[in-house]
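Undergrad: Sharing a structure here in structure tokens format.
The values are calculated or read from the model by the stated rules, or taken from the named source; none is laboratory data. This one's a predicted model, so the numbers in the text were calculated from it and none came from an experiment. Cβ atoms come from the backbone with ideal geometry, glycine included; neighbour counts cover every protein chain shown. Only protein heavy atoms, including side chains, enter the accessible area calculation; ligands, DNA and RNA are left aside. Shrake-Rupley method; radii C 1.70, N 1.55, O 1.52, S 1.80 Å.
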Amino acid sequence: NAFHDAAADAPVIPVADGAPAYTPKPAIISRAGWGAKKNTYCDAPRAGNETRGVIVHHTAGSNSYTKAQSAGIVRAVQAYHMNGRDWCDIGYNFLVDKYGQVFEGRNGGTTVPVRGAHAGIKSVNTYTMGVSMMGTFTSTEPTAATKTAMVKLIGWRLGTTFHPATGSYAIGGSTYQRIAGHRNVVSTACPG
């Protein structure tokens, strides 16, 4: 696929004993690849200076979809965020489907800590990556492919700012786990 970064499919590269491993950037389907609608008033997105943590979401949609339908689901999420919530773009930085495909979300680039609209708190949106698993996971587990893709994506993004996947950090007067569910930030049915 022309929209995938072939080098990003490489496995984690082991290094010398006692040294951290490097998680390479996973393959990411670009906004052009899934047919993103042009933003309205956030064509020049804001970004934080680093990604301090990750907030995990789910789209609360169907778990029964084909791989070919995934791009359409991402377009529907963007339409809902823009038309139903009056946001300027999709709120999440990334979305992951049940086949392990990773989709670029909010406009601004995959390597930039773009401020999303995913967590309901401006400071959390600014300094965290919002990633949404596509489907509903209140009583159903994500697929193995989703979990694997989430690990690769989160490992890569936290590694870009040399933060571990465990531990906690403070933002806006609150303390969060490095990887937290949306419901750990505000009351919601999103995974925790």
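Undergrad: Kindly evaluate T128 against the criterion of being under 12 Å from the mean Cα position of the chain (by Cα) and within 17 Å of G33 (Cα to Cα). Don't jump to the end; show me each part of the working.
TA: On the way: under 12 Å from the mean Cα position of the chain (by Cα): yes; within 17 Å of G33 (Cα to Cα): no.
For T128, the condition - under 12 Å from the mean Cα position of the chain (by Cα) and within 17 Å of G33 (Cα to Cα) - is not met.
Undergrad: For the structure I just gave you, tell me whether N107 is modelled with pLDDT of 85 or more and either surrounded by fewer than 21 Cβ atoms within 10 Å (Cβ to Cβ) or of a type in the set (V, I, T) (or both). Can you show your working first?
TA: On the way: modelled with pLDDT of 85 or more: yes; either surrounded by fewer than 21 Cβ atoms within 10 Å (Cβ to Cβ) or of a type in the set (V, I, T) (or both): yes.
So N107 fits the description; yes.
Undergrad: When residues of the range 129-159 are filtered for being of a type in the set (S, T, N, Q), crowded, with 16+ Cβ neighbours inside 10 Å and out of contact with any His (no Cβ under 9 Å at 6 or more places or on another chain), how many remain?
TA: Qualifying residue count, the range 129-159: 2.
Undergrad: Considering only residues that are of a type in the set (A, V, I, L, M) and assigned to a loop (DSSP other than H, G, I, E, B), look in the range 87-125 and name the one that is nearest to E141 (Cα to Cα).
TA: Residues of the range 87-125 of a type in the set (A, V, I, L, M): 90, 95-96, 102, 112, 114, 117, 119, 121, 124.
Then keep just the ones that are assigned to a loop (DSSP other than H, G, I, E, B); that gives 90, 112, 117, 119, 121.
On the way: I90: 24, V112: 30, A117: 25, A119: 22, I121: 27 Å.
Within the range 87-125, the match that is nearest to E141 (Cα to Cα) is A119.
Undergrad: Additional query: Could you tell me which residue of the range 32-54 is farthest from T111 (Cα to Cα), considering only residues that are hydrophobic (A, V, I, L, M, F, W, C) and at pLDDT below 85? Give the steps one after another, and end with the answer.
TA: Within the range 32-54, the first condition is being hydrophobic (A, V, I, L, M, F, W, C), and the residues that meet it are 32, 34, 36, 42, 44, 47, 54.
This time we only want the ones that are at pLDDT below 85, so: 42, 44, 47.
Numbers: C42: 18, A44: 15, A47: 11 Å.
Step by step, filter the range 32-54, then rank; the result is C42.
Undergrad: Turning to a different aspect of this structure: Within the range 130-167, which residues are of a type in the set (A, V, I, L, M), assigned to a loop (DSSP other than H, G, I, E, B) and under 18 Å from S70 (Cα atoms)?
TA: Start the filter on the range 130-167 by keeping residues that are of a type in the set (A, V, I, L, M), which leaves 131, 133-134, 144-145, 149-151, 153-154, 158, 165.
Imposing the further condition that a residue be assigned to a loop (DSSP other than H, G, I, E, B) reduces the set to 134, 165.
Within the range 130-167, just M134 meets the criteria.
Undergrad: Given the residues A79, A27, A60, A71, which is the only one that is closer than 26 Å to T161 by Cβ and open to solvent by 10 Å² or more (accessible area, probe 1.4 Å)? Before the answer, list the steps.
TA: Details: A79 fails: closer than 26 Å to T161 by Cβ; A60 fails: closer than 26 Å to T161 by Cβ; A71 fails: closer than 26 Å to T161 by Cβ.
Every option except A27 fails the conditions.
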